[in-house]
Amino acid sequence: MSVRRALSSAAALALLLALSACDAGDPSPAASSTGTPMPSVVGAVVLEDGWVKAAESGMSAAFGEIVNSTGADVTVVSVSTPASKSTELHETVQDDAGQMVMREKEGGFTVAAGETLSLAPGGNHLMLMGLVGPLEAGDEVDLTLTLADGTSVDATVPVKDYSGANETYEDGEDMEMGGH
């Protein structure tokens, strides 16, 4: 195969991949005010390696990697699940006394274009409050992340035993999730 033919084939493949990445089920992508097509978000933001901490009652948290493979920043503004009565996006920050505390994340989690946001014990996480029943290792939990543009990302994640993630709220209240 000649170099020219190989380059032509590589260019065609790259174009095909680029077109398929932009077409996430919307045959006519929205255009910006300049008329330039805007990247599609649907299907390009996912929760990978997600899991929820096992808990008997009360509270739990979900973790994983929010992957944004679009060409634009996205902001996760809320999470919902049938497994709990309420949910919040939480961050862990240092308070005035130097203690690490968790609090609701104002404005949501922004994930830069092409980047990944880690949700991990002791860091950013999805808080599940008022569990409607026990979450036992091996169960699965459905989560829906809602983005600022109104689209949503659905994920089904396993429940795992984990002895950590006993956090303190910003107001000083200890928060042992699930009685573990």
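None of the figures in this text is laboratory data; all of them are computed from the coordinates on show. The shown structure was predicted, so the numbers you read here are calculated from the model rather than taken from an experiment. Note that we place each Cβ from the backbone using ideal geometry, even for glycine, and neighbour counts take in every protein chain shown.
Amide H of residue 50 versus every other amide H placed in the peptide plane: which residues, excluding those fewer than 5 positions away on the same chain, fall under 5 Å?
65
What does the charge count around residue 64 come to, taking other residues whose C-beta lies under 14 Å from its C-beta (Lys +1, Arg +1, Asp -1, Glu -1)? Don't skip to the end; give the middle numbers.
Working: positive: 53, 160; negative: 48, 49, 65, 140, 142, 154.
Summing Lys/Arg as +1 and Asp/Glu as -1 gives -4.
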